Each structure stands twice: as structure tokens, then as C-alpha cells.
Amino acid sequence: MPYQTVTSPCYSCRSESCKDCIHKVYASGRTFSDAEVENLWRENVDIAWDEDEDGDLVLGQPWRGFPVGEFTQDDWFYWIDARHSKGVGWVYENISPYDFEIGG
């Protein structure tokens, strides 16, 4: 499958850099619908998070342009909270990571 048609997160990406990635989300400057944020929440369940030397969970693999090794789980929660109209608490309590909304 050519890179341009890939619609899944970065673990299937063939790009050498996130900078110009068509799937980039982090620091893209665009706004997101609640459905898009919810689908990113669902996607994130399959993304690796590693414990750093301070005991914080940090992003452990390339994913949609988020900074690997420095983007913490707390940063992720703040990112969701800033972009979903009902906030991260609502997303955490109501969005199953195993049920995708198509076309979000």
C-alpha cells in the first residue's frame, strides 16, 4: 500500500519524518471535531508508552507527530482536554477504545 493511502497511525507509516506527514496531528495548527478527538483517543490505546527516569509515562513510539520520549501521558490528557468540548474526564469515562466511529 503506498504511503499516501495509509489511514492508520504511524506504526504503519513509511515516512522518515513526522514534519510533513499527512497524518500529523500534533502541532498541526488545525482544529478537531469531537469525533476526531474521540477517534484519536481510541487509536492511542495501541500506542506504546514508556516509563522515563522520573517515573512518568512518555510516548514510546512515533505517532501522528507527537514528540517521542518527551510527550507525557499528562500532556496527552491536557491535549485531549483542550480539544474536546466536554473535556478529558468525559472522554475517559465515555469513549471506549475499542469502538471506532467511522467518518469522524
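Just so it is clear, none of the values below were taken in a lab; they were calculated from the coordinates. In this text the structure is predicted, and so the values were computed from the model without any measurement.
In table form, for the structure just shown:
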quantity	calculated
Length added when fully stretched, residue 77-residue 96, from 0.36 nm per residue minus Cα-Cα	5.3 nm
Additional length obtainable on full extension of the chain from residue 48 to residue 68, 0.36 nm per residue less Cα span	6.2 nm
Relative contact order (percent, whole number), the stretch 35-104, Cα cutoff 8 Å, 6+ residue spacing	35 percent
